[in-house]
Amino acid sequence: MIERTLILLKPDTVQRGICGEIISRLERAGLKIVGMRMVWADRDFAKQHYAEHLEKPFYKGLEDMIVMGPVIAMVLEGVEAIELVRKMCGATEPKSANPGTIRGDYAQVSYGHADKRGIGIKNIVHASANKKDAQIEVGLWFTPEQLHTYKTVHEVHVFE
Ligand code: ADP
Ligand code: MG
């Protein structure tokens with residue numbers, strides 16, 4: 001039941017200076033940070049990360065967006081963390097994302113707006129979508145040595 005998932009604080013989040021606020025929300029839910037690094041992805045790396053979207057009409061804008069500055073990459077660990085983190089992020093389109101979710105609270109753009117301008121949707125975070133993606137994405141962004149096993153003071157509440 002304990003899972004690891006990849007989350008990226010995208011370049012828009014870093015450039016807006018709201019990484020701390022987003023990280024706080026994830027920590028507050030009890031998620032454990034087991035890896036964290038700042039990475040400026042290049043276009044080749046972006047293509048690996050977003051391989052499933054290479055043929056999509058929005059890919060060019062998406063790639064431009066993810067390489068426009070550094071991201072903060074994190075691996076979070078927790079109970080069914082993959083689904084939990086996706087829920088906390090909210091819907092892909094900020095306009096549709098519910099208030100209370102990260103995307104709903106910190107972003108506003110719509111598919112219509114982004115597609116009309118040919119730009120990627122700036123929606124604050126990336127989070128692994130399922131177990132298979134989480135395993136691939138954690139391995140893409142982190143070496144085993146960059147991931148840490150330690151105890152948080154909260155774990156007594158998770159396991160007892
Ligand atoms: P998610 O990030 O919620 O898993 P997707 O995997 O569908 O969403 O898309 C990856 C990223 O591509 C989104 O987070 C968003 O930044 C961007 N994106 C998705 N759809 C569009 C679109 N129609 N126009 C522009 N950018 C998009
Ligand atoms: Mg996705």
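The values are calculated or read from the model by the stated rules, or taken from the named source; none is laboratory data. Quantities reported herein were computed from a predicted structural model and do not represent experimental measurements. Positions of Cβ are backbone-derived with ideal geometry, glycine not excepted, and every protein chain shown enters the neighbour counts.
Every condition in (1) touching a helix residue (DSSP H, G or I) at 6+ places or on another chain (Cβ under 9 Å); (2) over 14 Å from D12 (Cβ atoms); (3) surrounded by fewer than 18 Cβ atoms within 10 Å (Cβ to Cβ); (4) at pLDDT 95 or above holds for G69 except the one numbered (2).
Which residue, of G100, G90, G61, is away from ligand 2 (no atom under 14 Å from the Cβ) and under 17 Å from the mean Cα position of the chain (by Cα)? Before the answer, list the steps.
On the way: G90 fails: away from ligand 2 (no atom under 14 Å from the Cβ); G61 fails: under 17 Å from the mean Cα position of the chain (by Cα).
Being away from ligand 2 (no atom under 14 Å from the Cβ) and under 17 Å from the mean Cα position of the chain (by Cα) holds for just one of G100, G90, G61, which is G100.
N123 fulfils the conditions (1) in contact (Cβ under 8 Å) with a residue 12 or more places away in the chain; (2) part of a helix (DSSP H, G or I) except for a single criterion, (2). Close contacts from region 28-48, counting a first residue that is touching a residue at least 24 places away in the same chain (Cβ under 8 Å) and a second that is of a type in the set (K, R) and surrounded by 15 or more Cβ atoms within 10 Å (Cβ to Cβ), with Cβ to Cβ under 7 Å and a gap of 6+ residues or different chains, come to V34/R4. Of all residues in region 80-112 being away from ligand 1 (no atom under 13 Å from the Cβ) and at positive phi, which is surrounded by the fewest Cβ atoms within 10 Å (Cβ to Cβ)? Checking each candidate, the answer is G100. Here G35 passes the criteria (1) of a type outside the set (D, E, K, R); (2) away from ligand 2 (no atom under 15 Å from the Cβ); (3) farther than 30 Å from K151 by Cα except the one numbered (3). Take G139 and tell me if it is in a helix (DSSP H, G or I), out of contact with any Lys or Arg (no Cβ under 6 Å at 6 or more places or on another chain) and under 21 Å from V39 (Cα atoms). So G139 passes the test.
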